[in-house]
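Undergrad: Here it is, the structure, as structure tokens.
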Amino acid sequence: MTDSAPRDFIRQIIHDDLESGKHAGIVTRFPPEPNGYLHIGHVMSICLNFGVADETGGRTYLRFDDTNPGREDEEYVRAIKDDVRWLGFDWADRLTHASDYFGRLYEAAETLIGLGLAYVDSLSADEIREFRGTLTEPGKDSPFRDRSVDENLALFRRMRAGEFGDGELVLRAKIDMASPNINLRDPALYRIRHVTHQTTGDAWCIYPMYDFAHTLSDAFEGITHSLCTLEFEDHRPLYNWFLDVLQPPHRPRQIEFSRLNLAYTITSKRKLNALVTEKIVSGWDDPRMPTIAGMRRRGYPPTALRDFVRRAGVTKKDKLIEMGMLENCVREALGDPAPRRMAVLRPLRVVLTNYPEGQVETVQAANHPNDPSMGMRDVPFSRELWIEQDDFMEDAPRKFFRLKPGGEVRLRAAYIIRCDEVVKDADGNVTELRCTYDADTRSGEGGSDRKVKGTIHWVSAAHAIDAEVRLYDRLFNVANPNTADDFHEALNPASLECVAAKLEPALADAEAGVAVQFERLGYFCPDSGDDAPGARVFNRIVTLRDSWAKLEKQELAGQG
RNA sequence: UGGGGCGUAGCCAAGCGGUAAGGCAACGGGUUUUGAUCCCGUGAUUCGCAGGUUCGAAUCCUGCCGCCCCAGCCA
């Protein structure tokens, strides 16, 4: 992170502000509303806000934007803290809430009234909407717009005292009902809400609106750069208006960047919530969810997510990033550290007819082909084995170099075998392969350098551990389900497949959250929620790149 | 339609008047007891389009086109 080369326009601005002496240090904030779990889009914001502060020796506040009691919840603040920490960021003692400032916000509102820049409106919500005008027509002044300062102050104090019901009165900024920017047409500042707040309890019955609370919270905390997404660009004039008229000691600058959208996922909290409440997924941390909690449970390393948003970049252009980009980051993060193991997802029995019944030998397999320091492990080998159903084909195309009738294949870290006989059930399904092994070809020994086209993985039947393995696919079938009329129609019905797999014994001590590579298949880890000693459950984090699958697909397309 | 923003390869993205970085994907080839990894190599005569300024334009000017956001007492 050399600051000599800012990576994006925001870091450029920050770099310039430091250079010019405008700021001695950088202060940012990540301000989630605790009404849902954090998702991949938030990862961008978290990495940006904490990232620029870390890079410049600055500070970042984790501030809960809890200005709307009733729809916010403590469960979410706990989850948000977990997620930010897991991503690798530290807010130290800078954990705040917008509600920490309710007293000062109230005073600021009275100041605005005193300045003649805010008034209490008696119009109903519907009337206010009618008076607001439209995109092309200016709005009309409220008949209550010219109440005296004293009357406004008295009314506002009575609002605060609880003398009015929800929606009866509202405090509005007095700006310009004819502004082409609708946000400036006398926006609401305070509304009445007789609801118990999750942290301030019943101390208040009036609550500040986002624009007012957010701007001043930034100012109170001495935020230098308030980084938010593009949809708030239209709010910047209002943000600056508050700063202009109230003149707080610190003047933060709001800068907007585009959201990060991931193809085949949704990042709308409302829709994510629907997936949970409608039980379409098992919860906010379902491994198919684009939530941080879901990705963590799935087994994505935090470094992969940080790498991903770094590669995506910070700009103002709408982006819809391919899933392959994220998957590449995950594979890259796991490739070196993940030890290799063997597991058979869809077992097909293989009997070695020339291997002595009852005999068991131990073969040594490398824990990592590119890193000898990770050592070797023992793998039991015997007469009956499981191999992958996909690794056998009765009528194989020439380019298929796995097992076929009469053909040979190498068993990873063990022997070369030949398929002599295919056993089928009454329906013609292949149920067993009867093979012979070449005793001279044990890996690492004399004849082991004999070449065959393919190498497949296997597990000794007598020693296999049974496990449920959960195979995940994209949750949606369309690239941008955010824009679908009804996201339910875009759901991928095959986003989860559970298989009864056979694992090599070394997998017995696999730990939750620690990724291993099942050779030739992908990266997996025990599920942090459902894995248990007697009933192992593994998640597939991501598949390996599969150029055979690609080839197959092309052939199919060629035939079609 | 008023206002705000954005258009550089399939997806991201550098570029800041001097002749189009990089990543992902794709496609060739090499190594390989994971069809993985790794290693080489291949893409824009052109930057939404059209004009203009300039010796020189993705960069400056004008016009047009396309896409996104805004009419919550949500954030």
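Undergrad: With the structure loaded, tell me whether A:Ile26 is under 17 Å from A:Gln254 (Cβ atoms), in contact (Cβ under 8 Å) with a residue 12 or more places away in the chain and crowded, with 19+ Cβ neighbours inside 10 Å or whether it fails that test. Explain how you work it out, then say what you get.
TA: Details: under 17 Å from A:Gln254 (Cβ atoms): yes; in contact (Cβ under 8 Å) with a residue 12 or more places away in the chain: yes; crowded, with 19+ Cβ neighbours inside 10 Å: yes.
In short, yes.
Undergrad: Ok, one more. Is it the case that some residue within region A:381-393 is more than 38 Å from the chain's Cα centre (by Cα) and either free of Cβ contacts under 8 Å to residues at least 24 places away in the same chain or within 9 Å of RNA strand B (Cβ to nearest atom) (or both)? Steps first, answer last, please.
TA: Kept after step one, since they are more than 38 Å from the chain's Cα centre (by Cα), are these residues of region A:381-393: A:381-385, A:393.
In the following step, the residues that additionally are either free of Cβ contacts under 8 Å to residues at least 24 places away in the same chain or within 9 Å of RNA strand B (Cβ to nearest atom) (or both) were identified as A:393.
Yes, there is a match, as at least one residue in region A:381-393 is more than 38 Å from the chain's Cα centre (by Cα) and either free of Cβ contacts under 8 Å to residues at least 24 places away in the same chain or within 9 Å of RNA strand B (Cβ to nearest atom) (or both).
Undergrad: Determine which single condition A:Glu421 fails, assuming it passes every other condition in (1) more than 46 Å from the chain's Cα centre (by Cα); (2) part of a loop (DSSP other than H, G, I, E, B); (3) closer than 19 Å to A:Glu357 by Cβ.
TA: Exception for A:Glu421: condition (2).
Undergrad: Now, a different point. In the set A:Glu497, A:Glu489, which member is farther than 26 Å from A:Thr362 by Cβ, assigned by TED's automatic domain parsing to the domain that holds A:Glu322, away from RNA strand B (no atom under 13 Å from the Cβ) and modelled with pLDDT under 95?
TA: Working: A:Glu497 fails: modelled with pLDDT under 95.
A:Glu489 is the lone residue from the list that is farther than 26 Å from A:Thr362 by Cβ, assigned by TED's automatic domain parsing to the domain that holds A:Glu322, away from RNA strand B (no atom under 13 Å from the Cβ) and modelled with pLDDT under 95.
Undergrad: Let me ask something else about it. Report the residue count in region A:482-512 for those that are of a type in the set (D, E, K, R) and in a helix (DSSP H, G or I). Give the steps one after another, and end with the answer.
TA: Applying the first criterion (of a type in the set (D, E, K, R)) to region A:482-512 yields A:485-486, A:489, A:497, A:502, A:504, A:509, A:511.
If we keep only those that are in a helix (DSSP H, G or I) as well, we get A:489, A:509.
Residues that pass the stated criteria total 2.
Undergrad: Starting from residues that are buried (at least 17 other Cβ atoms within 10 Å of the Cβ), among the hydrophobic types (A, V, I, L, M, F, W, C) and in a loop (DSSP other than H, G, I, E, B), keep the ones in region A:145-173 and report whichever is farthest from RNA strand B (Cβ to nearest atom).
TA: Taking the candidates together, the pick is A:Phe164.
Undergrad: Next question. Just to check your reading of the model, which residue among A:Leu184, A:Leu115 is more than 8 Å from RNA strand B (Cβ to nearest atom), among the aliphatic types (A, V, I, L, M) and surrounded by 17 or more Cβ atoms within 10 Å (Cβ to Cβ)?
TA: Step by step, each of A:Leu184, A:Leu115 is checked, and only A:Leu184 is more than 8 Å from RNA strand B (Cβ to nearest atom), among the aliphatic types (A, V, I, L, M) and surrounded by 17 or more Cβ atoms within 10 Å (Cβ to Cβ).
Undergrad: I want to confirm something. Restricting to region A:510-544 and keeping residues that are surrounded by 13 or more Cβ atoms within 10 Å (Cβ to Cβ) and more than 26 Å from A:Trp86 (Cα to Cα), which single residue is farthest from RNA strand B (Cβ to nearest atom)?
TA: The residue in question is A:Leu521.
Undergrad: Also, quick follow-up: Does A:Ser258 qualify as being in contact with a helix residue (DSSP H, G or I) (Cβ under 8 Å, 6 or more places away or on another chain) and either surrounded by 19 or more Cβ atoms within 10 Å (Cβ to Cβ) or at pLDDT below 95 (or both)? It would help to see each step written out before you state the result.
TA: Details: in contact with a helix residue (DSSP H, G or I) (Cβ under 8 Å, 6 or more places away or on another chain): yes; either surrounded by 19 or more Cβ atoms within 10 Å (Cβ to Cβ) or at pLDDT below 95 (or both): no.
Considered against the rule, which asks whether it is in contact with a helix residue (DSSP H, G or I) (Cβ under 8 Å, 6 or more places away or on another chain) and either surrounded by 19 or more Cβ atoms within 10 Å (Cβ to Cβ) or at pLDDT below 95 (or both), A:Ser258 comes out as no.
Undergrad: Can you tell me which of (1) in contact with a helix residue (DSSP H, G or I) (Cβ under 8 Å, 6 or more places away or on another chain); (2) modelled with pLDDT of 95 or more; (3) under 30 Å from A:Arg259 (Cα atoms) is the one A:Ala484 doesn't meet?
TA: That leaves (2) as the condition not met.
Undergrad: Does any residue of region A:53-62 turn out to be within 12 Å of RNA strand B (Cβ to nearest atom) and without any contact (Cβ under 8 Å) to a residue 60 or more places away in the chain? Spell out the reasoning first.
TA: If we filter region A:53-62 for residues that are within 12 Å of RNA strand B (Cβ to nearest atom), which is where we start, we get none.
Among the residues of region A:53-62, not one is within 12 Å of RNA strand B (Cβ to nearest atom) and without any contact (Cβ under 8 Å) to a residue 60 or more places away in the chain, which makes the answer no.
Undergrad: Next up: Which ones in region A:29-42 are buried (at least 19 other Cβ atoms within 10 Å of the Cβ), more than 14 Å from A:Leu227 (Cβ to Cβ) and not aromatic (Phe, Trp, Tyr)?
TA: Within region A:29-42, A:Pro34, A:Gly36, A:Leu38, A:His39, A:Ile40 meet the criteria.
Undergrad: Would you pick out the residues in region A:332-356 that are surrounded by 19 or more Cβ atoms within 10 Å (Cβ to Cβ) and in a helix (DSSP H, G or I)?
TA: The answer is A:Ala333, A:Leu334.
Undergrad: Identify, from the list A:Glu327, A:Glu357, A:Glu361, the residue that is in the same structural domain as A:Asn480 (by TED's automatic domain parsing) and of a type in the set (Asp, Glu). Walk me through it before giving the result.
TA: Working: A:Glu357 fails: in the same structural domain as A:Asn480 (by TED's automatic domain parsing); A:Glu361 fails: in the same structural domain as A:Asn480 (by TED's automatic domain parsing).
Just one listed residue meets the conditions, A:Glu327.
Undergrad: Answer yes or no as to whether A:Asn261 is under 17 Å from the mean Cα position of the chain (by Cα) and assigned to a helix (DSSP H, G or I). Steps first, please.
TA: Values: under 17 Å from the mean Cα position of the chain (by Cα): yes; assigned to a helix (DSSP H, G or I): no.
It is false that A:Asn261 is under 17 Å from the mean Cα position of the chain (by Cα) and assigned to a helix (DSSP H, G or I).
Undergrad: Let me ask something else about it. Which members of region A:189-224 meet the condition of being crowded, with 24+ Cβ neighbours inside 10 Å and touching a Ser or Thr at 6+ places or on another chain (Cβ under 6 Å)?
TA: Within region A:189-224, A:Pro208, A:Ala213, A:Asp218 qualify.
Undergrad: I'd like to check something: does region A:82-102 contain any residue that is assigned to a strand (DSSP E or B) and among the charged types (D, E, K, R)?
TA: The initial filter retains those residues of region A:82-102 that are assigned to a strand (DSSP E or B), namely A:95-97.
Checking which are among the charged types (D, E, K, R) leaves us with none.
No, region A:82-102 has no match at all.
Undergrad: Confirm whether A:Arg545 is under 12 Å from A:Ala343 (Cα atoms), modelled with pLDDT of 95 or more, outside any strand (DSSP E or B) and not β-branched (Val, Ile, Thr).
TA: Details: under 12 Å from A:Ala343 (Cα atoms): no; modelled with pLDDT of 95 or more: yes; outside any strand (DSSP E or B): yes; not β-branched (Val, Ile, Thr): yes.
Spelling it out, it is not the case that A:Arg545 is under 12 Å from A:Ala343 (Cα atoms), modelled with pLDDT of 95 or more, outside any strand (DSSP E or B) and not β-branched (Val, Ile, Thr).
Undergrad: Among the listed residues A:Gln389, A:Gln359, A:Gln364, which satisfies the condition of being in contact with a strand residue (DSSP E or B) (Cβ under 8 Å, 6 or more places away or on another chain), closer than 24 Å to A:Leu471 by Cβ and surrounded by fewer than 17 Cβ atoms within 10 Å (Cβ to Cβ)?
TA: Values: A:Gln359 fails: closer than 24 Å to A:Leu471 by Cβ; A:Gln364 fails: closer than 24 Å to A:Leu471 by Cβ.
Criteria check complete, one pass: A:Gln389.
Undergrad: If I filter region A:53-81 down to residues being assigned to a helix (DSSP H, G or I) and β-branched (Val, Ile, Thr), which single residue comes out as nearest to A:Thr224 (Cα to Cα)? Before the answer, list the steps.
TA: Pass one, region A:53-81, residues assigned to a helix (DSSP H, G or I): A:53-56, A:74-81.
Still in the running and β-branched (Val, Ile, Thr): A:56, A:77, A:80.
Values: A:Thr56: 13, A:Val77: 24, A:Ile80: 23 Å.
That would be A:Thr56.
Undergrad: Any residue at all in region A:13-23 that's more than 11 Å from RNA strand B (Cβ to nearest atom) and within 22 Å of A:Pro302 (Cα to Cα)?
TA: no
Undergrad: Do we have A:Val452 as surrounded by 19 or more Cβ atoms within 10 Å (Cβ to Cβ) and either within 16 Å of RNA strand B (Cβ to nearest atom) or modelled with pLDDT of 95 or more (or both) here?
TA: Values: surrounded by 19 or more Cβ atoms within 10 Å (Cβ to Cβ): no; either within 16 Å of RNA strand B (Cβ to nearest atom) or modelled with pLDDT of 95 or more (or both): yes.
For A:Val452, the condition - surrounded by 19 or more Cβ atoms within 10 Å (Cβ to Cβ) and either within 16 Å of RNA strand B (Cβ to nearest atom) or modelled with pLDDT of 95 or more (or both) - is not met.
Undergrad: Still on this structure, please answer the following. Within the group A:Arg270, A:Arg251, which residue is under 23 Å from A:Arg59 (Cα atoms) and either surrounded by fewer than 20 Cβ atoms within 10 Å (Cβ to Cβ) or of a type in the set (Asp, Glu) (or both)?
TA: Details: A:Arg270 fails: under 23 Å from A:Arg59 (Cα atoms).
When all the criteria are applied, what remains is A:Arg251.
Undergrad: Assigned to a loop (DSSP other than H, G, I, E, B), surrounded by 15 or more Cβ atoms within 10 Å (Cβ to Cβ), out of contact with any helix residue (DSSP H, G or I) (no Cβ under 7 Å at 6 or more places or on another chain) and in contact (Cβ under 8 Å) with a residue 60 or more places away in the chain: which single residue out of A:Ala479, A:Ala467 fits that description?
TA: The match here is A:Ala479.
Undergrad: If you check every pair at least six apart or on different chains, which have Cβ atoms under 6 Å apart with a residue in region A:194-214 that is without any contact (Cβ under 8 Å) to a residue 12 or more places away in the chain first and a residue that is surrounded by fewer than 18 Cβ atoms within 10 Å (Cβ to Cβ) second?
TA: Correct list of pairs: A:Asp202/A:Thr196.
Undergrad: Test of understanding: among A:Arg236, A:Arg296, which residue is within 18 Å of the chain's Cα centre (by Cα) and among the basic types (Lys, Arg)?
TA: Values: A:Arg236 fails: within 18 Å of the chain's Cα centre (by Cα).
After applying the criteria, what remains is A:Arg296.
The values are calculated or read from the model by the stated rules, or taken from the named source; none is laboratory data. Since we're looking at a predicted model, the values are computed, not measured. Using ideal geometry, Cβ is built from the backbone for each residue, glycine included, and neighbour counts are taken over all protein chains shown.
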